[in-house]
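Report on the structure given below.
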Amino acid sequence: MADMTDALPLDLPEADPAGDGDNITDWALEQFQERYGAEITKDDIWEYVYGVMHAPDWRERYRHDLQRNLPRIPLADDFEAFRSAGRELMDLHIGYETVGEWRVECQVDGETDEGDAEDGAYRIEARMRWSKRQDKTEDRSVLLVNSRCRLVDIPQEAHDYTVSGRSPLQWAIDSLRVKHDKASGIVDDPNGWHVWADEPFNLIRHLRRLVTVSVETARIVGGLPPSLPERDTDD
């Protein structure tokens, strides 16, 4: 699933210093209310748009346009399905640091572990990486945190949701690594500056939460109806 890297805020304080500016115009509100009912609010539309922008058929239709234009939002047949999905997705993606942990097993030295090992058992030594199968291909059901600690039985759905081409777990692998700047001698060590600096097992909790975000996003997106009205599907 490809994703846009630009973000559009709901509120536009620079448009109205009093705080009444927003990114959904009164004209847009009128269009939605005319189609779906007078009770529709701008917050409803914002959630609806977020839901639509995750719809597989919408992404496929506008995959090229999204690289150069603002998104085109259809008036789908089922407004509530996309509004509800958008709300769920917002809660997941904004609150990714506090969602429940997906119960992937943590192992230290081959034994199941829930934070009982010494702190060093959970430290990132250089960078995390995927395990390898006998044929040398990546086994993305197993994440090697370091030489002693691993997460096992990561579900395939954890890799189906991607942001700019990478799953949340892959983003963690690529960004949470020890970096040495040869010119300055500065070492950028995530073990010391992240929220798990004082409680290293929090790294494992963080990774489990990323699995939750990915799996739940895939579930929500998989349950979406078509976003493009039937009369438009052959255009």
**OP:** Check each of the GluC sites (Glu not before Pro) in the range 63-105 and keep only those in coil by DSSP with at most 15 other C-beta atoms within 10 angstrom; list them in order.
**Re:** Glu97, Glu101
Subject >> Lys, Arg +1 and Asp, Glu -1 on Cβ, resulting dipole of the chain about Cα centre, debye, nearest 20 >> reply: 1260 debye
Original post:
Of Gly37, Gly165, Gly222, which is the most mobile in a GNM of the chain whose springs link Cα atoms less than 10 angstrom apart?
Top reply: Gly37
**OP:** Starting from the range 52-144, pick out the trypsin sites (Lys or Arg not before Pro) whose DSSP state is loop and whose Cβ has at most 16 other Cβ atoms within 10 Å.
**Re:** Arg63, Arg68, Arg72, Arg103, Arg133, Lys136
Subject >> Projected area averaged over orientations for the range 39-121, convex hull of C-alpha atoms, nm² >> reply: 9.3 nm²
Original post:
So, by mean Cβ neighbours within 10 angstrom, what's the order for 180-189, 49-58 with the highest one leading?
Top reply: 49-58, 180-189
Subject >> Cα-based shape type of the range 101-235, given that a ≥ b ≥ c are square roots of the gyration tensor eigenvalues and the cut on a/c is 1.5 >> reply: prolate
Original post:
Using Cα pairs under 8 angstrom and six or more residues apart, how large is the relative contact order of the range 99-164, in percent?
Top reply: 32 percent
**OP:** Give me the Debye-computed log₁₀ of I(q)/I(0) at q = 0.09, 0.11, 0.13, 0.15 Å⁻¹ for the chain, equal point scatterers on Cα only, no solvent, two decimals.
**Re:** -0.51, -0.71, -0.90, -1.06
Original post:
Using the beta-carbon distance between Asn69 and Arg219 and R0 = 41 Å, what value does 1/(1 + (r/R0)^6) give for FRET efficiency, to the nearest 0.05?
Top reply: 0.85
**OP:** Tell me what the chain gives for mean residue ellipticity at 222 nm when only DSSP H runs of n ≥ 4 count, each as -39,500 (n - 2.57), the sum divided by the residue total, rounded to 500 deg cm²/dmol.
**Re:** -10000 deg cm²/dmol
Original post:
For the range 117-132 and the range 19-55, what is the separation of their C-alpha centers, rounded to whole Å?
Top reply: 45 Å
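Here, each number is a calculation from the coordinates, and none is a lab measurement. Just so it is clear, the structure is predicted and the values come from calculations on it, not from any experiment. Using ideal geometry, Cβ is built from the backbone for each residue, glycine included, and neighbour counts are taken over all protein chains shown.
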